[in-house]
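Worksheet: the structure to be examined is printed underneath.
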Amino acid sequence: MDFDVLFLGSGQGAWNGAIPMAKAGLRVGVIEEGLFGGVCTNRGCNAKITLDRPVDVLRQLEALQGQGVTGLPKLDWGDAMAHKHAVIDHLAAANKQKLEDAGVTTIIGHGVFQDDHTLKVGEKSYTAKKIVLVTGRLPHQMAIPGSELFHDSTDFMVMAQMPKRLTLIGGGYIALEFATVANAFGADVTVILRGQTVLHDFYPPYVKAVVRDLTQRGVKFHYNETIQEARETNAGIELLGANGYHHLTDYVVDATGRVPQLTGMNFEGIGLATTEEGIPVNDYLQTNLAHIYAMGDVVVKTVPKITPVAAYESQYLARVFTGQTTEPIQYPIIAQTVFTSPRIATAGISPMAALKDPDRYTITSVDYADKDWFHQVGNDPINLITFVHDQEGYLVGVTNVGPDAVETVNGLLDVMNQHIKAPSQEELIYIFPSIAHSYMKYI
């Protein structure tokens, strides 16, 4: 065998485990046909948050108009895109070098299974005792006439110029985050949804607050519309839908979701089980072929398909493969966020679930913008938080909509995962004033 462990894909689910495996003495290889580091590093999270940063700063300054600040800066898409390239473009090479410095063999090209222990890349074959699939997900593509006129999330984040009119089809993370950014940079933004639900994983009252804010800023939401065709005209791209719906725009982003990357690798030829949702695995991240594992977004699972989860799974496999554990994977409470302005972040038991079980959970909500002096310093127009406690008084869920939602929910993850409650909370002495000191007095 050429390797003890061979990864197919180089995203967060690969290098977080590959490096400690190699340092422990295992022979480890990583196959990658694109950019090392995967989608998140090169075409997703990192790029998105870099482009969002000017928007975040602008929102803070908007809130402080007449509170010591006069005048607002103008956002420049060209400058923001240049900054994004400066921050992001070197990361793929840096990730590849990081693997090699740790003793991992990097293999560039498209991997295809010859048998269940062998992957062929170009004209060369590589064998391994264990193979780990980290193939991720791809943007979903609408199958309608004219869909070749549409762009995906990768295209948006390398867009040289912000179009005058930009349309997003979908109501999830990508649609709302891109709507936030594009609107702030001056585009006339429209969001088209097949139904009425926006950000279905998040607390509806807080989602409504974000949608209301975007609407007031000029973003238009078209609900219950099914796009059936797209045409290129002299006036722009015309979107046609059921019941006579039509919409004219300059740039369309298909934000209808992401699908697991399962084709072109001969999974079927080696008998690897897959579904439309991805690759099923057991509690040890094993597929139906015991020596082939899968992790990250390609896996069928109920926990969020987000970068930190892929990293956690990769670190877990490193412990399994180096003999540090024989236990099944156990996920902690996982936080997730949508980077709108304001942010929405959530972790643990959702308010929706708690409301369905009032005998088990207690819900309390605080309007930070109205009741908390520290948040009033920033003059936040929207800052709401909801806590969920169980019958024993432990904090088991939190949801926040506000500019500091990410830091707030991140901080409260420790409280929930470590099962801390009064009076133990009194042992947590935070800097004053601070976000942490502020939220601790409410839980």
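Quick notes on this structure:
- Unique residue being without any contact (Cβ under 8 Å) to a residue 60 or more places away in the chain and surrounded by 14 or more Cβ atoms within 10 Å (Cβ to Cβ) when the list is Val207, Val189: Val189
- When region 137-179 is filtered for residues that are part of a strand (DSSP E or B) and closer than 24 Å to Val309 by Cα, the ones remaining, listed by number, are Arg137, Leu138, Pro139.
- The criterion of at least 2 residues that are open to solvent by less than 20 Å² (accessible area, probe 1.4 Å) is met by the following helices (runs of 4 or more DSSP H) wholly inside region 331-433: 351-355, 405-417.
- Single unsatisfied condition, Thr302 versus (1) under 30 Å from Phe221 (Cβ atoms); (2) open to solvent by 50 Å² or more (accessible area, probe 1.4 Å); (3) at pLDDT 95 or above: (3)
- Of the residues examined, Ile108 is one that is closer than 18 Å to Leu8 by Cα, among the β-branched types (Val, Ile, Thr) and within 27 Å of the chain's Cα centre (by Cα).
- Region 223-237, residues that are open to solvent by 50 Å² or more (accessible area, probe 1.4 Å) and free of Cβ contacts under 8 Å to residues at least 40 places away in the same chain: Tyr223, Asn224, Thr226, Thr233, Asn234, Ala235
- Comparison of Leu99, Leu75 shows that the only residue that is in contact with a Phe, Trp or Tyr (Cβ under 8 Å, 6 or more places away or on another chain), aliphatic (A, V, I, L, M) and over 30 Å from Ala255 (Cβ atoms) is Leu99.
- Taken across region 309-317, residues that are farther than 25 Å from Arg27 by Cβ, of a type outside the set (Phe, Trp, Tyr) and open to solvent by 50 Å² or more (accessible area, probe 1.4 Å) do not occur at all.
- Odd one out for Ser10 among (1) in contact with a Phe, Trp or Tyr (Cβ under 6 Å, 6 or more places away or on another chain); (2) outside any loop (DSSP other than H, G, I, E, B): (2)
- The conditions of being of a type in the set (D, E, K, R), outside the structural domain of Val28 (by the TED database) and touching a strand residue (DSSP E or B) at 6+ places or on another chain (Cβ under 7 Å) are not met by Lys129.
- In region 251-293, the residue that is farthest from the chain's Cα centre (by Cα) out of those that are among the β-branched types (Val, Ile, Thr) and not in a loop (DSSP other than H, G, I, E, B) is Ile270.
- Taking the criterion of being in a helix (DSSP H, G or I), at pLDDT 90 or above and among the small types (Gly, Ala, Ser), the only residue of region 434-443 that qualifies is Ala436.
- Count of residues meeting criterion [crowded, with 24+ Cβ neighbours inside 10 Å and either modelled with pLDDT under 95 or under 15 Å from Val298 (Cβ atoms) (or both)] in region 1-15: 9
- Taking region 19-58 as the range and being aliphatic (A, V, I, L, M), open to solvent by 40 Å² or more (accessible area, probe 1.4 Å) and in a helix (DSSP H, G or I) as the test, the residues that pass are Val39, Ile49, Val57.
- Check on Thr197, out of contact with any helix residue (DSSP H, G or I) (no Cβ under 6 Å at 6 or more places or on another chain), surrounded by fewer than 18 Cβ atoms within 10 Å (Cβ to Cβ) and part of a helix (DSSP H, G or I): no
- Restricting region 370-409 to residues that are polar (S, T, N, Q) and on the phi < 0 side of the Ramachandran plot leaves a set whose member that is farthest from the chain's Cα centre (by Cα) is Gln391.
- Qualifying residue in region 369-385 (condition: of a type in the set (Asp, Glu) and touching a residue at least 60 places away in the same chain (Cβ under 8 Å)): yes
The values are calculated or read from the model by the stated rules, or taken from the named source; none is laboratory data. Predicted model only: the values in this text are computed from it and were never measured. Using ideal geometry, Cβ is built from the backbone for each residue, glycine included, and neighbour counts are taken over all protein chains shown. Surface accessibility is based on the protein's heavy atoms, side chains included, excluding ligands, DNA and RNA. Shrake-Rupley method; radii C 1.70, N 1.55, O 1.52, S 1.80 Å.
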